[in-house]
Amino acid sequence: MEEEEEYEDSQLNRKTGMISNLTVFLCLIWATTILYGEKFAFRIPPYFTCSWPSPSSPMDQVNNPPIMDRTSLHLAPKSLILEIVQFYTDIYMRRAMLASIMPFKPDMVLFLVIILMAGLFFPMKIKRWQDSLNRFRHIFNLETLERNTNNQVYFISGNHDIGYTAYHSQMPEVISRYEKVFGSRNYRFTAGEVEFVAVDAQTLDGHPQQNQTSAAWNFVNSVSRDSLSPPRVLLTHIPLYRQDWTSCGSQRSSPVINQRISRTTEDQEIVYQNYLTEETTKKLLDSIKPVVVLSGHDHDQCTVTHVAEHGPVVEQTLGTISWQQGNLYPSFMLLTARKPTSSNNTSSPADAVSTHLCRLPAQTFIYIWYLFLFVVTLVVVILWPNGLVIHLHIGDIMRQAFGFFKSSTKEKDEDENCDYEMVWDAEGSMHLIKKAKKIAPTRANERVERGNATMRPTAKKQIIQEINISMPQDVSGQLGPDAAAVKSGPSKANKSNVKLFRRLLRAFQVLSVVAAVNVPIYIMLLFSDWIDI
């Protein structure tokens, strides 16, 4: 009994040590995973996978950041689900801006869309508009951004900011409010020897007599009449026309979207469009003569080459920087413009601009990995140590594999250790009685001899009767409860229930420790990135 107790204590101590080691190991695995998924993954582009293209500075940073609200997912206002989804959408874009984009130290930053949806869907809600604006400023840390770039931050209006021409006559306050905060919707600026021309594409396909449409075309015509002809980059939120099913290149991760235009029945003004019309696209390219076109709206990357009078023009549609806008692979673009030189430059105008698409972390896959790791952790802590200890199971597997050989050699081994003796019973029948070989008289051998002694049937019957007489019986002749308990021993079901309870309790303890260590790390990383320092 003492040896059995010592063995059980040693096994218990061994299992306790293994559980402690497992807990420490899981804490380290989770801490490493959280640090990578919430912090280091966003630092990969500036240090490992992305770099400025040539030519060198001045530099331009291009983003397409749609801000999600309840109109995006049709969720109830001020609901808990909406608040959670908005928070995780915003924290992703903020981390992308602070950890992935700002380390490149761009000379200027360009937003191809803002998407303050409160400006279009709730034009009379001043507080909602202001809240949306404050949210946008906080996500991209505009104060710090403007300070670091010397106020070289530019914005392109999108269809969710001011709508299409059908809305302008009904809600003029949307445009005036936008321009008061972000400035003119049609403008141009210079970086190096490259001129960037920003056009409010939402108004180009409107009725020519409409005020906003005529203002946009007047601006385009003024650029066209300019005697100076530097390399130009056309900036527009709505992409230019392309035929249906036009390939977008290898960078795209979602199906191609074809043209769709919706107009009102009264004045045929545009309510929605995926691309500019073919006529507007041709006129825009021939008037501005860009070497590159940058657009947004599509939420995914698309590279298309247009044929214009002055030659082929490459349009690059930028994907979204958000991970909840239908694109599993958010991205941003680095753009460099050629420096102005005093000598005559004979290089091609198209060489004045270089671009490089940079990928951001795939947040969806990071959360899938969290879920997978949680399931693996749960399985491990429930099965450990009996279910997953490899070195303990090697012996079991070998015993099962060689069980056949053991069973086949058992009889042979017994025959080698035994002798057979002929015995006649009272009726004259002969029987072969197996007897152990005579071995040196030791205690172990004596136990073997006694274990192999052959009893006669009459002796067996007498012994069984004596045992039955000594067992306590009730009136009906059945074994008493004490005897039955001694005979059957502890219930196997009770033992298995106790073991299961202990295993679940142990799993809960391990999970509690892992959570107590890593949940504070996760929360600390979330709020350290969210709070302005």
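The values are calculated or read from the model by the stated rules, or taken from the named source; none is laboratory data. All values reported here derive from a predicted model rather than from experimental measurement. Please note: Cβ atoms are built from the backbone with ideal geometry, for glycine as well, and neighbour counts cover all protein chains shown. Heavy atoms of the whole protein, side chains included, go into the accessibility calculation; ligands, DNA and RNA do not. Shrake-Rupley method; radii C 1.70, N 1.55, O 1.52, S 1.80 Å.
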Restricting attention to region 139-242, which trypsin sites (Lys or Arg not before Pro) occupy a DSSP loop and are surrounded by at most 14 other Cβ atoms within 10 Å?
Arg225
What accessible area, in Å² to the nearest ten, does a 1.4 Å probe give for Tyr154?
40 Å²
At 1.4 Å probe size, put Asp286, Asp131, Asp226, Asp200 in order of accessible surface, largest to smallest.
Asp131, Asp226, Asp286, Asp200
Listed pairs Lys127/Lys289; Lys39/Lys105; Lys127/Lys282 exceeding 30 Å between Cα atoms:
Lys127/Lys289; Lys127/Lys282
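Take the solvent-accessible surface of the protein heavy atoms, probe 1.4 Å, and return the percent of it on region 271-310 that carbon and sulfur atoms account for.
Numbers: 790 of 1530 Å².
About 52 percent, which is the carbon plus sulfur part of the accessible surface.
Would you tally the net charge around Glu193, using a Cβ to Cβ cut-off of less than 9 Å, leaving Glu193 out, and scoring K and R as +1, D and E as -1? Kindly include the intermediate steps, with their values, before the conclusion.
On the way: positive: Arg338, Lys339; negative: Glu195.
Its environment carries a net charge of +1.
Just add up the charged neighbours of Asp205: K/R +1, D/E -1, any other residue whose Cβ is under 14 Å from the Cβ of Asp205.
-1
Ordered by packing density, taken as the mean number of other Cβ atoms within 10 Å over each peptide's residues, highest first, how do 260-266, 351-357 rank?
On the way: 260-266: 10.6, 351-357: 18.4.
Highest mean packing first, the order is 351-357, 260-266.
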For region 147-293, what does the accessible surface come to per residue with a 1.4 Å probe? Please give it in Å².
46 Å²
